[in-house]
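*Asks:* Right, I'll just put the structure down here and ask away after.
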Amino acid sequence: MQDPAGDERLMRRIAGRDNEALEALYDRYERPVYSFVFRMVKDPMAAEEVVQELFMRIWHSAERVHTGGSQGKVSTWMFAVARNLAIDWLRKKGRRPQETQEEAAWERVADGVSTEQAVERRMLGEEMQQAIGDLNEDQQQVLNWIYFLGYTQQEVASRENIPLGTVKSRVRLALKQLRKRFDHGRKEGAWQ
Amino acid sequence: MMAQHNRCEDVELYVLGGLEQEDRLAFEAHLASCVHCKKEVDELMPLLDTLPLAVQQVDPPEGMKDRVMARVFDNSKPELGTVAKRRIQEAEEPPSRDGEPAPTRFRWLTGGLVAMIAGLAVFSGAMVSEVRKMDDQNAQLNAQVADLKQQLAISAPTDATGPLQVENVVSLDAGTADIVARGLATIVIDSAGTHLIIQAEQLPALQNEEAFQVWLLKDGQPASAGTFLTHDGTGALYHTIAAAESEYDTIAITLEPDAQGNEPRGPIVLSAPLTSA
């Protein structure tokens, strides 16, 4: 996240069956990954199962994980796999988590972890939270339905009775705005 | 529609994970040859590193690390799933009796009633034991399923195959004049192997058990690459080609009476010669 090179070094060690490296990667990501998955499945046991499955995959597939370029960083890959696993769980259960109010969905409480990495992560999270809060309500909703609740474009369209093209354009505008906001941070080196 | 400019419009939904599987595969095939979309994906990807952080941070359950690590490092044994274990532990704990001391509740019971309750307790104990056995079996099955999933993840990881390289892209032409269907076959290579991505549209409507089947041919000898169904005449298929099977010269899609055939039985709908790119 704030130390992508460190993450990649850990992944290489994990590929070489280094238990300590897996534990170190786990320590780095336990809280943010668990929080993210819990946000999706709204069930502590399910969230733990997803985290467990994620680290099983990391342990057994580390040598196949190639980051860089369009594949992004290790953390991007980890969150993407965690999201897919959470969506699998939601679909298997045939239900979606209870949907919270939009205001509550983006709410965030300060965590007690104070490592440098955790502090930077918290700042980035707060900045993203604020950026999402600046989107209009329609854009916030599609972002929430698709990214955090795992619905597809078609599902959102039929569930909310919105034309497919409208869903698509809301997503486009939302990501365009978020990107604009974060491009600035990236130029200043805060987003790497 | 498969026109490039339309696929380019899917880039944000692709990055966000909001495309249906069919559209995702079609977009990935498109991505392999669209410089513009590759650049867009590269630029949007860092958002996905920050987006998951915009949620309320919650404390993981106590002892989660120990359970997860134990499961990962000791997964050769069909050990109980950690969550199932916790359920069993909870089942072992004596149920709460609303804080009321038991002696006052049972003081008035006659000897007969006590005996009957003792009998019931033995019976329910046996039942609890049975339930625990079933829980245990269930947990073991879950562990086996998890292990199989891992093996699948190793053999065909969908999220970690590295950048795609396009080996070949061919247009599929209709087998007969009365068929208006068209399609695209893309062969891509990544770190996991060689993959075939088929997209086709305006295919004839399927009846009953009918399915479309994709064949890879070498000197006229067909090998099945899988079957697919369609939605409004559009269908897609993803197939990983084994290393030993990569020397094919033709690709064809047939309309089959069902999805169970080992060799072509129906007419060719689309086909194309495969030549090296």
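*Asks:* Looking only at helices (runs of 4 or more DSSP H) that fall completely inside the stretch B:46-93, which ones have 2 or more residues that are more than 7 Å from chain A (Cβ to nearest Cβ) and either surrounded by 16 or more Cβ atoms within 10 Å (Cβ to Cβ) or at pLDDT 50 or above (or both)?
*Replies:* Result: B:64-73, B:82-92.
*Asks:* Answer yes or no as to whether A:GLU63 is surrounded by 23 or more Cβ atoms within 10 Å (Cβ to Cβ) and farther than 28 Å from A:GLU116 by Cβ.
*Replies:* no
*Asks:* Further question: Among the residues of the stretch B:16-45, which ones are more than 22 Å from B:HIS239 (Cβ to Cβ), of a type in the set (A, V, I, L, M, F, W, C) and at the interface with another protein chain (Cβ under 7 Å from one of its Cβ atoms)?
*Replies:* Once the filter is applied, which keeps residues that are more than 22 Å from B:HIS239 (Cβ to Cβ), of a type in the set (A, V, I, L, M, F, W, C) and at the interface with another protein chain (Cβ under 7 Å from one of its Cβ atoms), the stretch B:16-45 yields B:LEU16, B:VAL41, B:LEU44, B:MET45.
*Asks:* How do the pairs read when you match residues in the stretch A:140-162 that are within 8 Å of another protein chain (Cβ to nearest Cβ) and farther than 23 Å from A:ARG179 by Cα with residues anywhere that are acidic (Asp, Glu) and crowded, with 19+ Cβ neighbours inside 10 Å, using Cβ under 9 Å and keeping only pairs 6 or more apart or on different chains?
*Replies:* Correct list of pairs: A:GLN154/B:ASP23.
The values are calculated or read from the model by the stated rules, or taken from the named source; none is laboratory data. In this text the structure is predicted, and so the values were computed from the model without any measurement. Positions of Cβ are generated from backbone atoms using ideal geometry, with glycine treated the same way; all protein chains shown enter the neighbour counts.
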